[in-house]
Each structure stands twice: as structure tokens, then as C-alpha cells.
Amino acid sequence: MAQRETQHDRGVITETRPKEKLKKPRLYKVLFHNDDYTTMEFVVWVLMSVFHHDEATATGIMMHVHKSGIGVAGIYPRDIAETRAARVEALARGHEFPLRCTVEEEECG
């Protein structure tokens, strides 16, 4: 009968692999564009209902858009940004406003 060499068995040799770093998803800015027809109240309402900003924050964003012509409503992964932008434009059309909302990739710093 063959003798087992359990005392000299050194076990399994393992090799450690460097951990794969998961890339963070790219983020996209949802931008509001100023126009001469959409009411300030509507913009504030949309910022509160679609982007869940409080009234003070929504008013601040709306004023920034009004004064500078463009402003960031929020920054999200691509699918969320595109969905929210589409929701804004659908609401605007439903209320007969020409409010434009676009999505732009966030610059990596």
C-alpha cells in the first residue's frame, strides 16, 4: 500500500492578481437654456418636480439660467440625465413652452 505524504503537502500555490479597478460611470450635465417665453414659475416647478430641488435651490438655478442663458439642473449617469431631459421637454411642450433642455458630458477633472 502506498504511503500518503500529508505531512509534506505544502498546499495549493495561489497567485494574487491585482484588483481590477471599476471605472466610475461617466456623468452628464442636464442643462436648461433660457428663452423669452417659458415662465420663471414653470422653470422653478420643473426643477422641483423633476430634479427634486427645494424651492430656494430651484429659484437659484432658474435665476442663473435667466441671467447667463444656460444653467445646470443636475449631474447624473447618462441614462438618468437623458430621461430627465426628455421629461422636462415633454412637460414644457405639454404646457406650450419652448424650454430647451440638453445633456452634455461632464468634464473629467
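Please report the spacing between the Cα centers of segment 39-63 and segment 88-109 in Å, no decimals. Using only Cα atoms to place each centre, the spacing works out to 13 Å. Of all aspartates and glutamates in the structure, those lying under 17 Å Cα to Cα from Lys67, and not within fewer than 8 positions of it along the same chain, are Asp35, Asp36, Glu41.
Rounded to the nearest percent, how much of the accessible area of segment 22-109 (1.4 Å probe, protein heavy atoms only) is carbon and sulfur?
55
Once you sort the root eigenvalues of the Cα gyration tensor of segment 52-109 as a ≥ b ≥ c, which label holds: rounded (a/c under 1.5), prolate (a/b larger than b/c) or oblate (the other case)? In terms of gyration-tensor shape, oblate.
The values are calculated or read from the model by the stated rules, or taken from the named source; none is laboratory data. Remember, it's a predicted structure, so these values are computed and weren't measured experimentally. Just so you know, the surface numbers come from the protein's heavy atoms only, side chains and all, with ligands and any DNA or RNA stripped out. Shrake-Rupley method; radii C 1.70, N 1.55, O 1.52, S 1.80 Å.
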